[in-house]
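We did not get these values from a lab; they are worked out from the coordinates using the rules stated. Model, not experiment: these values are computed from the prediction. Positions of Cβ are backbone-derived with ideal geometry, glycine not excepted, and every protein chain shown enters the neighbour counts.
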Amino acid sequence: LVPLIFHNRDNVEWSEEQEASARSKVQENSSQLLPPDKQEEYEVNAKRYWDDFYKIHENGFFKDRHWLFTEFPELAPHRNSRQNGDSLHENKEECKQEGLGSCENGHCSVETRAESQEGDFPGAAASYRVLEVGCGAGNTVFPILQTNNDPGLFVYCCDFSTAAVDLVQSNAEYDSSRCFAFVHDLCNDQSPFPMPEESLDVVVLIFVLSAILPDKMQCAVSRLSRLLKPGGVMLLRDYGRYDLAQLRFKRGQCLSDNFYVRGDGTRVYFFTQDELDHLFTTAGLEKIQNLVDRRLQVNRGKQVTMYRVWIQCKYRRPLTPQH
């Protein structure tokens with residue numbers, strides 16, 4: 001029998017004892033750092049480790065993130081037009097609730113988009129542009145395209161891993177008139193973006209900033225902030241300090257403070273709210289939201305209580321330049 005998993009979606013407050021216990025576990029598992037030569041090896045070979053990850057798991061590891069539209073309504077703005085009496089629904093769940101079972105690709109009515117690719121970059125003719133960084137196999141990109149029927153929408157998506165981008169481009173739902181997937185090294189400031197600065201409405205970072213070397217995070221966020229239009233927003237959801245995943249690491253897997261390497265060679269950092277606030281504000285963005293989401297998960301079969309800790313942020317590029 002598969003044990004039932006109970007998810008408590010309410011934000012759970014930790015007791016002082018719980019936080020002290022988590023802090024103790026982190027002190028224990030970070031007491032032995034990997035030697036510098038091993039750390040350098042994981043940095044140099046980072047792309048290979050992520051390529052291997054996606055070659056092994058393909059698109060079966062992560063689930064499509066339809067929860068994104070509850071947390072980040074900016075990804076599905078109410079821009080859908082109603083033409084010829086067609087009713088365009090926001091998502092599959094709404095279709096199911098209304099008994100509409102014949103929706104294709106998440107749409108009850110799909111408008112044909114005539115994207116002429118005017119201008120000198122993909123999506124130049126679009127009126128609403130979204131970039132997802134660290135797109136993986138497309139578990140964010142495709143829900144965005146399915147949910148938002150706006151003919152003016154164009155979604156860019158990039159990943160460090162060539163294997164991941166290949167998975168996106170080979171997906172049956174990949175539509176080059178609405179989407180452009182490309183390989184990009186976020187940590188390489190000489191790696192160009194296909195769109196100009198101040199051209200994006202939204203930049204999405206879902207569990208991706210935590211995968212890069214902490215010393216390179218500020219440069220990456222600052223580069224992305226320059227792509228936003230005035231008033232454009234950067235959306236982030238990532239691992240928070242003392243998340244279950246951090247507590248489960250063993251000694252010998254720690255690279256530096258709160259930065260670890262997994263068994264498959266990929267790396268992960270665990271943030272505080274203040275660290276993320278500093279990254280975004282230093283990049284010239286202003287805070288809309290910065291919250292900790294603590295969730296209690298109880299495995300009833302094994303009677304194990306687990307705490308997940310995530311941080312969710314929304315930061316906006318000011319409408320007027322800051323001095």
(request) Just order 282-292, 158-168, 11-21 by mean Cβ neighbour count inside 10 Å, highest at the front, would you? (result) 158-168, 282-292, 11-21
(message) Per-residue counts of other Cβ atoms within 10 Å, averaged by peptide: what ranking do you get for 202-210, 120-128, 37-45, highest first?
(response) 202-210, 120-128, 37-45
(message) Please compute the Kirkwood hydrodynamic radius of the stretch 222-323 from all pairs of different C-alpha atoms, in Å with one decimal.
(response) 15.5
(message) Once you place label points 7 Å from the Cα toward the Cβ at Leu296 and Lys250, how far apart are they in nm?
(response) 3.1
(message) Sort 141-152, 260-271 by packing, meaning the average of other beta carbons within 10 Å per residue, with the highest value first.
(response) 141-152, 260-271
(message) Using the basic label-point model (7 angstrom from Cα toward the beta carbon), what is the Lys55 to Tyr307 distance in nanometres?
(response) 4.0
(message) Checking the table Lys216/Lys314; Lys55/Lys287; Lys38/Lys229; Lys55/Lys216; Lys25/Lys55 against a 31 Å threshold on Cα-Cα, which pairs fail?
(response) Lys55/Lys287; Lys38/Lys229; Lys25/Lys55
